[in-house]
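Notes follow the structure.
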Amino acid sequence: MQQAGGRKIGWVSAAAIVVANMVGTGVFTSLGLQLQGLSSTWTIMLLWMIGGMVSLFGAFSYAELGTKLPRSGGEYYFLSRIYHPFIGYLSGWVSLTVGFAASVALAAMAMGAYIEKFAPFSAQTVATGAIVLISMVHSVNIRQSSNFQNTFTALKLLLILFFIIACFTLPSESGAMDISTTWRADLSKPAFAVSLVYVIYAFSGWNAAAYIVEEIEEPARNLPRALIGGTLVVSLLYVLLQLAFLKQATIPQLRGKIEVGQVVAELMFGPAGGRLISFFIALFLISSISAMVWVGPRVVRAMANDYSIWRFMAEDNRNGIPVKAVWLQAGISIFMVATSYFEQVLLYSGFVLQLFTTAAVAGIFVMRWKNGHSGYSSPGYPWVQLAFLGISLWIMVFLVYDHPRESLLGLANLGLGALSYWLSKAYGSSRTDLI
């Protein structure tokens, strides 16, 4: 990638952000939960292909939004310009309070749980240390952030490719591959709906590059390449990895298991090999934490530039890094690690995060209606947007039905965001060009 003065990244680095945000522990854990109610290989593959399709449709949409509204901040900026600054502010509030910070905390604690098996440190110590060290890396300049991110994303991809190749080439006693017609019965089961929700979440992160538009060289050309290319790579790897797991292990061996990767690794390489693979899985979480530490503060900085109540977070260092925002997010993440009460936060944030993503994709229709259309165009418009919106609305209805308490808590968090918006308007100032 060619970088301009250490301040811009190319499309490959931007795509690495997308890949790193998307690929987390979910791809190594979801299969065991899916097999609790499903049994057909066709059904499992259909779930992951639908997840990839929905993510790709979202990437098409965000590519158009980002090229027409080329400013960092993601949904915060998109919704502020398309609808009203209040809607964008609520989106930024959710990202600040629970979105990225909670995701960083979760990935760091998962990493700590793995490392704890191999080193004389507690999971909490490892998690806190990882957040601090990675935040330090991203507090210097964009070139260093890019090099660090690219290195650990490449290691993550190499590990997944190694795992896939090993699963398909090494012999297995009896796998869980089932290509019979039982998939038709699986489609009508509630377990299929539940599994689809979790698969969609496993694909989250496909929009990551849209948060750092201003740090990408020639965003009109490179942002679509990063979003779409990164999403396609991850979708292919996800499908192949689930097939690889099913080839090596039986359904009873996988059903209900969270550490699917470790189970399969032990079957192929023995207990020592399984522990080694677990160690590498812990290392690839560095890439996930790094991507969120890079991306999240850009939302905070965008809000700080627009609202005086957050102005103290707007200052960059001489290399254009929002250092204060980086450490604000790090502090929130470390607090969540220390209290260990963030799991429910993630559940209740799920509904509102999905809500704002849905609003952003719907914004393409509003933006074209208001301003006409020119420049980059989403492939498959308007059908891919309608398909995305249909599935997203279904997911939100399911979340309200299945997790009403957490969804209501998410809406309560929006109430706090609305209060802070009112305070910013009453006692501060805001940019008028967002209105």
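Read-outs: derived from the displayed coordinates by stated rules, not from any lab. Computed from a predicted model, the values in this text were never measured in an experiment. Neighbour counts are summed over all protein chains in view; Cβ atoms, including those assigned to glycine, are modelled from backbone coordinates with ideal geometry.
Report the relative contact order of the chain, percent, no decimals, based on alpha-carbon pairs under 8 angstrom and at least 6 residues apart.
On the way: 720 pairs, mean separation 142.8, N = 435.
Rounded, it is 33 percent for the chain.
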Residue among Gln262, Gln242, Gln36 with the largest mean-square fluctuation in a Gaussian network model of the chain, springs linking Cα atoms under 10 Å: Gln36
Among Pro219, Pro382, Pro322, residue whose mean-square fluctuation peaks in a GNM of the chain (springs only between Cα atoms under 10 Å): Pro382
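Please grab the % of Cα pairs in the chain that end up more than 42 Å from each other. The partial results should precede the final answer.
Numbers: 10194 of 94395 pairs.
Considering the chain, 11 percent of its Cα-Cα pairs are separated by more than 42 Å.
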Projected label distance in nm at Arg275 and Trp394, using a 7 Å step from Cα toward the beta-carbon: 4.5 nm
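Calculate, for Leu386 and Met49, the FRET efficiency according to 1/(1 + (r/R0)^6) with r their C-beta to C-beta distance and R0 25 Å; round to the nearest 0.05.
Details: r = 19 Å, r/R0 = 0.75.
Between Leu386 and Met49 the formula returns 0.85.
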Cut-off under 5 Å, modelled amide H: who pairs with Gln36 long-range: Gly256
Computed FRET value (nearest 0.05) for Glu218 with Ala185, which takes r as the C-beta separation and R₀ as 41 Å: 0.25
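For Thr125, Thr43, what ranking results if the residue with the fewest other Cβ atoms within 10 Å of its Cβ goes first? Present the calculation step by step, with values, prior to reporting the outcome.
Values: Thr125 15, Thr43 23.
Taking fewest neighbouring Cβ atoms as first place, the list is Thr125, Thr43.
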Residue-averaged 222 nm ellipticity for the chain, from DSSP H runs of 4+ at -39500 (n - 2.57), nearest 500: -24500 deg cm²/dmol
Projected area, mean over directions - the range 224-317, Cα convex hull, nm²: 9.6 nm²
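Assuming 0.36 nm per residue, please report the length gained on full extension of the stretch Glu315 to Tyr401 beyond their Cα-Cα distance.
That works out to 26.7 nm of additional length.
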DSSP-loop chymotrypsin sites (Phe, Trp or Tyr not before Pro) across the range 54-158, with at most 12 other Cβ within 10 angstrom: Phe118
